[in-house]
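The values are calculated or read from the model by the stated rules, or taken from the named source; none is laboratory data. Predicted, not measured: the structure shown is a model, and the values here were computed from it. Ideal geometry is used to build each Cβ from the backbone, glycine not excepted, and the neighbour counts take in all protein chains shown.
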Amino acid sequence: MAQKKTFEEKMKELEEKVTLLESGEVGLEESIGIITESAGIIKELEKELDDTEDKLKCLDLKTDEVVPLAEEEE
């Protein structure tokens with residue numbers, strides 16, 4: 001079973017893909033595959049960031065306890 005990559009590992013992989021695309025050394029078909037893979041990585045990173053943001057919103061900094069989110073005031 002493959003080990004789950006860390007956020008940093010995913011970012012590094014994405015950076016490598018961008019560098020490869022920018023180099024112009026890959027053909028159209030390979031570029032499409034790289035872009036498709038990159039989109040998947042970006043979705044994973046966005047979800048991880050959203051999850052982390054939710055955790056931080058719930059963290060009481062005085063007690064280091066996780067508390068329920070209060071309704072946001074308008």
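Please enumerate the residues belonging to the stretch 2-18 that are within 12 Å of L45 (Cβ to Cβ) and either part of a helix (DSSP H, G or I) or of a type in the set (S, T, Y) (or both).
Within the stretch 2-18, T6, F7, E8, E9, K10, M11, K12, E13, L14, E15 qualify.
In the stretch 15-54, what count of residues is obtained for those that are closer than 30 Å to V66 by Cβ, aliphatic (A, V, I, L, M) and surrounded by 12 or more Cβ atoms within 10 Å (Cβ to Cβ)?
Final tally of qualifying residues: 3.
Which members of the stretch 40-63 meet the condition of being assigned to a helix (DSSP H, G or I), over 14 Å from E8 (Cα atoms) and hydrophobic (A, V, I, L, M, F, W, C)?
L56, C58
I need a count of the residues in the stretch 7-56 that are hydroxyl-bearing (S, T, Y) and at pLDDT below 95. Give the steps one after another, and end with the answer.
Filtering the stretch 7-56 down to residues hydroxyl-bearing (S, T, Y) leaves 19, 23, 31, 36, 38, 52.
Subsequent filtering for residues that are at pLDDT below 95 retains 52.
The total comes to 1.
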